[in-house]
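Inspection log for the structure reproduced underneath, given as structure tokens.
The values are calculated or read from the model by the stated rules, or taken from the named source; none is laboratory data. These numbers were taken from a predicted model, which means no experiment stands behind them. So basically every Cβ, Gly included, is an ideal-geometry build from the backbone, and we count neighbours across all protein chains shown. Heads up: the accessible areas ignore ligands, DNA and RNA and are worked out on the full protein's heavy atoms, side chains in. Shrake-Rupley method; radii C 1.70, N 1.55, O 1.52, S 1.80 Å.
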Amino acid sequence: MKKLSIVSIFLMAVLCFSSCGKSFRDGAKEKGFNSGIALAAGSFLDPNVAKIVKENSYIVVSENSMKWQNLRPNKTFWNWNDVDQLIKFADENGMIVKWHTLFWHQQNSNFISSNWTREEALAAMDEHIETIMTRYKGKIKEYDVVNEMFEEDGSFRQNVWYKTIGPDYIEHALIKAREVDPDAKLYLNEYNNEEKGNRKADAMFNFVKDLKDRGVPIDGVGMQLHLDTSYNYSEEAVRRNIQRYAEIGIDISFSEVDIRVPMDSVEAHQALQTERYLSLYKLAAENSNVKSVITWGWTDKGSWIPATFPGKGSALMYDAQGKPKPVYNEVKKFLCK
Ligand code: G3I
């Protein structure tokens, strides 16, 4: 009996730490950043999912539960349950939790109105920040304060907060957030903002630099990195972007990583997909201001990609059956070195 349990402990350890002596998340930690996963509400209550999240994550984020539409479907009802469960799970397993997102143009509640006056919109913003950040002071360590605030040409997106308040809605939110929880890390999150020389990326850098110069509180920039093997990618342009943020004291999160491929030629795109995944983890290891690499989900089964980009998919490192793909093993090998 005793012999059997020693054998099973050994086998479990081999399974857990296959190919090297540490887990994926410890490998990342030793390279100087947190690896993490965005989770669907309650998914981690399944022990099989929990096991995978524990192997891979020191940071977790909710895929949808923290957005207005789910958190606050009307003005007075707050649905805290999904977030509380995630925080409990993270606490029990040594992970930090990131909030995604306080303000965005999508998945808003119906009561948010473009007809609000500036004062009404500012009051709604303050109430949202105060309620969430007071409740989760010390529990949520970082926030995407505003998500997707730019258009592709670098102009501000005309979301409801821009329309009612004006461009200073972003700094207003950052100042308020710092006031309510001075220890929380405050991020602005975007997509297509990773390569220096891209119009949106340059506009965002100039904007963040100006905020820093004027003393507006901001700690980091999220680069979503929803990549596609059919488009160009320049590791050097991403590196130069990360480095210019380092020069102004701004942290980076690779905040929503997935790399989609055409479903009719998955195998042909595998090498490129692996090369790009490796590039991102390598950049995070090389640059001390990159604090996290978070994948947007873990298995292809729940991924948002096929519904949004018909014909594309296989974007994550676990397949639809929940098995790690070769790309996962390649990244893990790199993290183990
Ligand atoms: O929960 C309902 C379900 O009851 C209903 O039957 C079903 C029918 O459509 O919809 C379900 O809700 C969907 C929800 O995801 C949960 O799966 C919504 O329709 C769908 O719009 C929603 O999509 C989310 C999307 O944001 C909203 O724009 C994706 O899951 C989520 O991955 C995605 O995440 C965003 C980040 O927040 C910001 N960056 C881009 C990223 C990908 O779009």
Restricting attention to region 195-219, the residues that are within 16 Å of the ligand (Cβ to nearest atom) and of a type outside the set (A, V, I, L, M, F, W, C) number exactly 1
From the option list Glu256, Glu275, single residue qualifying as closer than 27 Å to Pro326 by Cα and in contact (Cβ under 8 Å) with a residue 40 or more places away in the chain is Glu256
Log entry, pairs with first residue in region 200-229 being more than 17 Å from Gly249 (Cα to Cα) and among the acidic types (Asp, Glu), second being open to solvent by 10 Å² or more (accessible area, probe 1.4 Å) and within 16 Å of the ligand (Cβ to nearest atom), beta carbons closer than 8 Å, six or more apart or on different chains, reads Asp228/Arg260; Asp228/Phe309; Asp228/Lys312
_Take Lys301 and tell me if it is part of a helix (DSSP H, G or I) and within 16 Å of the ligand (Cβ to nearest atom)._
yes
If we ask which residues in region 199-238 are surrounded by fewer than 17 Cβ atoms within 10 Å (Cβ to Cβ) and in a helix (DSSP H, G or I), their number turns out to be 10
Of the residues in region 91-130, those that are surrounded by 15 or more Cβ atoms within 10 Å (Cβ to Cβ) and β-branched (Val, Ile, Thr) come to Ile96, Val97, Thr101, Ile112, Ile129
Per the list (1) open to solvent by 40 Å² or more (accessible area, probe 1.4 Å); (2) away from the ligand (no atom under 15 Å from the Cβ); (3) under 21 Å from the mean Cα position of the chain (by Cα); (4) not small (Gly, Ala, Ser), residue check on Asn192 breaks on (2)
Of the listed residues (Ile259, Ile294), the one being more than 16 Å from Gly222 (Cβ to Cβ), open to solvent by less than 20 Å² (accessible area, probe 1.4 Å) and within 16 Å of the ligand (Cβ to nearest atom) is Ile259
Among the residues of region 306-333, the number that are surrounded by fewer than 23 Cβ atoms within 10 Å (Cβ to Cβ) and out of contact with any Phe, Trp or Tyr (no Cβ under 6 Å at 6 or more places or on another chain) is 19
Any hit, region 136-147, residues being open to solvent by less than 30 Å² (accessible area, probe 1.4 Å) and basic (Lys, Arg): no
Filter region 57-88 for residues that are among the hydrophobic types (A, V, I, L, M, F, W, C) and surrounded by fewer than 20 Cβ atoms within 10 Å (Cβ to Cβ); the one that is nearest to the ligand (Cβ to nearest atom) is Trp68
